[in-house]
Amino acid sequence: MASYPADWLPLTDSDIDGLAWQFTDSAYADDTYADWSLDRRLEGFLRQRGLLGIAEDGDAFGLVLERVMACIGALSRSVPRIR
């Protein structure tokens with residue numbers, strides 16, 4: 001039986017989507033942290049919310065990071081480009 005850190009339960013797809021979209025709407029996704037890499041921004045976001053178990057679990061972190069990148073891609077396709 002797998003054991004999980006006390007601050008999180010196994011993540012559902014809905015949980016991952018929610019975290020990813022929350023990240024894209026946070027200060028970690030804007031110019032405030034522009035000089036940080038995306039993974040460092042996401043780690044800061046998770047830690048700031050007390051989600052240390054996700055921040056420190058490579059598999060869980062990877063799932064959230066992949067979803068964040070998908071959300072960023074979706075946002076970039078939906079924003080009209082200024083020429």
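The values are calculated or read from the model by the stated rules, or taken from the named source; none is laboratory data. All values derive from a computational prediction rather than experimental measurement. When we count neighbours, we look across all protein chains shown, and the Cβ atoms used for this are built from the backbone with ideal geometry, even at glycine.
If you go through the range 29-49 and keep only what is in a helix (DSSP H, G or I) and either more than 16 Å from residue 70 (Cα to Cα) or charged (D, E, K, R) (or both), you end up with 31, 32, 33, 39, 40, 41, 43, 44, 45, 46, 47, 48.
Consider residue 77 against the criteria (1) charged (D, E, K, R); (2) modelled with pLDDT of 95 or more; (3) surrounded by fewer than 13 Cβ atoms within 10 Å (Cβ to Cβ): it satisfies all of them except one. Which criterion is unmet? Looking at each condition in turn, residue 77 falls short on (2). Take the conditions at pLDDT 95 or above, assigned to a helix (DSSP H, G or I) and not aromatic (Phe, Trp, Tyr) and apply them to residue 60. Does it pass? Considered against the rule, which asks whether it is at pLDDT 95 or above, assigned to a helix (DSSP H, G or I) and not aromatic (Phe, Trp, Tyr), residue 60 comes out as no.
Take residue 20 and tell me if it is touching a Cys at 6+ places or on another chain (Cβ under 6 Å), surrounded by 14 or more Cβ atoms within 10 Å (Cβ to Cβ) and either outside any loop (DSSP other than H, G, I, E, B) or at pLDDT 95 or above (or both).
yes
Among residues of the range 39-68 that are farther than 16 Å from residue 29 by Cα, those with a beta-carbon under 6 Å from a residue that is surrounded by 13 or more Cβ atoms within 10 Å (Cβ to Cβ) and among the basic types (Lys, Arg) at least six positions away or on a different chain give the pairs 55/47.
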